[in-house]
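Below is one structure, written out as structure tokens; comments come after it.
The values are calculated or read from the model by the stated rules, or taken from the named source; none is laboratory data. Only a predicted model underlies this, so the values are computations on that prediction, with no experimental measurement involved. Because the Cβ atoms are built from the backbone with ideal geometry, glycine has one as well, and the counts that use them run over all protein chains shown.
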Ligand code: AHR
């Protein structure tokens, strides 16, 4: 008996492809639908220090003294004691967007102001740093600024001197190199001499920004986005569009034009979560609407701005603008379209040109409202949509279905939006990994003629929605991979998708999980990031049927799969997710092709534990691994490792 068991085991080992193998069929000559180039995109919101302290490379926090506490982020020291003073002045009438500045007095001796940065300043050895400041001397004053970059110990690692001239406000710049790398640097500005001076917009940028743009973006973070080859960039959120109340809603016009004239406001995530208070979180709008459009262009992604619809966040104040006072809000949308696409002779097109981009940005989509719900949203959306279509009939208007993927508010929104033939409906789901696995069939029953779907915010939550204990682990990522087979299989309905949120600073986050984590010097894609990347880098152009026993593969014994054709490379692309902890052998017969190439490419992500994660110390521990796969005739035998996501590409 024992011998027979041993023999059986040996046979099973020798013939892994045939024993217990699952026979799958791909119908390569029966495309179901086009996969839109927008299918896999990015959701950007300034949450978790995503913009200020994150992708926006400014190193000085509270550079214009406009925080609620004007000297937050700054410490002052003087020698000898009492030799000078720092006062915060307010020129509200003359400069309402940026009213405060620091008025410095020094009587001999010296006075220093030290900025702590965003949880420190990430500085790099041998890199150029560009300092700038707006300043004016008082009559008969001769103060100089000694600018010093310091490491965490307070040792000087780079310096320069600036001596402002004259009594009119003027911008002064100076550059220097850092001799050291440190994640916790700081900037010291020491005023020396005799007299008084006003300063504002004290700024420091690294010389290695994305595309070396002055005042630009952190290159490592943008590179991670570029690697995704995203189909669209949704911005600026998220709840940040709505604001805690309407006074701090996102207003695009305040985020364009000269940087020193952009009106800074509090970031709504500043005190949103009592367990993750971030009182020093503000929006300087150095990353504003112009920069979002530019970033979209750099990434080859369709810009997708989401605009306030006259409603503040319904989880907060829920303020609404009365129906007869919506005009300025609607005008903001119309003006934005002109800013993006208008001729340079138009008011807003001219501003775009003045900012450096005479060519239009070719905006095609506009979202109205983020996560609004109820009759108040629908009645406002109707008015916005009508006005947008009247002036810009080709702009595609994206609407929302509220914060949850089911329930009375969701059903009500969909009912109304269907009646009015809405074009694209944004759905959000922050749910358990199990929910994602169970919902691979979610869109199978959606009306093919009805509104298209924008899966605009989603992420599996390992503990509960927005719990601070949520992790970016393999269980979540693999469940998202399984769910995404359903998005792609239903490309006829689902035309845009994006994981959310995008970025998180390891020391300053409010919401977890997030796709990309970073500190002041390093960044890493989570396992969820790499799942997104595998999809977006292997999207294909047409979805074709992939079947097991004549049925779509939607979780049978933990197997999820979808197939697509790449018309440019003439490849069949298979995506197979094995959520079980058993290895699986699949024999995939590709019908409708004469013959496949004898070799293809296999890209695999796998982890042995559901809890496995990438870290800043091991940023690619779990990431796609490529290898060659052999093909015989029109058959591909793919062995799926336990708890793995596999993409196979084979030329026809
Ligand atoms: O992604 C984080 C938040 O989740 C978004 O701001 C909001 O739209 C959703 O509730």
Item to check | Out of 393, 358, 405, sole residue that is surrounded by fewer than 20 Cβ atoms within 10 Å (Cβ to Cβ) and under 25 Å from the mean Cα position of the chain (by Cα) | outcome: 405
Next on the checklist: Suppose we filter region 444-454 for residues that are in contact with a strand residue (DSSP E or B) (Cβ under 6 Å, 6 or more places away or on another chain) and away from the ligand (no atom under 13 Å from the Cβ); how many remain?
Outcome noted: 3
Checklist outcome for this item: Residues in region 593-618 that are surrounded by 15 or more Cβ atoms within 10 Å (Cβ to Cβ) and either in a loop (DSSP other than H, G, I, E, B) or not assigned by TED's automatic domain parsing to the domain that holds residue 551 (or both) total 7
Checklist entry - Among (1) in a strand (DSSP E or B); (2) modelled with pLDDT of 95 or more, where does residue 211 come up short? => result (1)
Next on the checklist: Of the conditions (1) within 12 Å of the ligand (Cβ to nearest atom); (2) more than 17 Å from residue 404 (Cα to Cα); (3) surrounded by fewer than 23 Cβ atoms within 10 Å (Cβ to Cβ), residue 504 satisfies every one except a single condition; which number is it?
Outcome noted: (3)
Checklist entry - Restricting the first residue to region 222-242 and requiring it to be without any contact (Cβ under 8 Å) to a residue 60 or more places away in the chain, which pairs with a second residue that is away from the ligand (no atom under 16 Å from the Cβ) and not in a loop (DSSP other than H, G, I, E, B) meet a Cβ separation below 8 Å and a spacing of at least six or different chains? => result 223/210
Item to check | region 313-355, residues that are within 29 Å of residue 215 (Cβ to Cβ), assigned to a loop (DSSP other than H, G, I, E, B) and either free of Cβ contacts under 8 Å to residues at least 40 places away in the same chain or within 16 Å of the ligand (Cβ to nearest atom) (or both) | outcome: 342, 343, 344, 345, 346
Checklist entry - Hey, does region 571-579 have a residue that's more than 17 Å from residue 488 (Cβ to Cβ) and part of a loop (DSSP other than H, G, I, E, B)? => result no
Next on the checklist: Tell me yes or no: at least one residue of region 374-384 is assigned to a helix (DSSP H, G or I), away from the ligand (no atom under 16 Å from the Cβ) and either outside the structural domain of residue 338 (by TED's automatic domain parsing) or closer than 30 Å to residue 482 by Cβ (or both).
Outcome noted: no
Checklist entry - What about residue 91, is it free of Cβ contacts under 8 Å to residues at least 24 places away in the same chain and out of contact with any strand residue (DSSP E or B) (no Cβ under 6 Å at 6 or more places or on another chain)? => result yes
Checklist outcome for this item: Within region 546-564, residues being crowded, with 21+ Cβ neighbours inside 10 Å and within 17 Å of residue 30 (Cα to Cα) number 6
Checklist outcome for this item: Residue count, region 459-476, condition in contact with a helix residue (DSSP H, G or I) (Cβ under 9 Å, 6 or more places away or on another chain) and either closer than 14 Å to residue 575 by Cβ or within 16 Å of the ligand (Cβ to nearest atom) (or both), comes to 8
Checklist entry - In region 418-435, which residue that is more than 16 Å from the ligand (Cβ to nearest atom) and touching a helix residue (DSSP H, G or I) at 6+ places or on another chain (Cβ under 7 Å) is farthest from residue 510 (Cα to Cα)? => result 420
Next on the checklist: I'd like the residue in region 485-501 that is within 16 Å of the ligand (Cβ to nearest atom) and in contact with a helix residue (DSSP H, G or I) (Cβ under 9 Å, 6 or more places away or on another chain) and, out of all such residues, is farthest from residue 270 (Cα to Cα).
Outcome noted: 497
Item to check | Subset of region 40-66 (residues that are part of a loop (DSSP other than H, G, I, E, B) and within 16 Å of the ligand (Cβ to nearest atom)) | outcome: 41, 44, 45, 46, 47, 48, 49, 50, 51, 54, 55
Next on the checklist: I'd like to know if region 76-91 contains one or more residues that are part of a loop (DSSP other than H, G, I, E, B) and at pLDDT 95 or above.
Outcome noted: no
Item to check | Qualifying positions in region 356-373 - outside any strand (DSSP E or B) and either within 16 Å of the ligand (Cβ to nearest atom) or touching a strand residue (DSSP E or B) at 6+ places or on another chain (Cβ under 7 Å) (or both) | outcome: 361, 363, 364, 369, 370, 371, 372, 373
Checklist entry - In region 279-312, what residues are within 13 Å of residue 252 (Cβ to Cβ) and either over 19 Å from the mean Cα position of the chain (by Cα) or touching a residue at least 60 places away in the same chain (Cβ under 8 Å) (or both)? => result 283, 287, 290, 291, 292, 293, 303, 305, 306, 307, 308
Next on the checklist: Which of the numbered conditions does residue 266 fail, given that it passes all the others? Conditions: (1) away from the ligand (no atom under 16 Å from the Cβ); (2) surrounded by fewer than 19 Cβ atoms within 10 Å (Cβ to Cβ).
Outcome noted: (1)
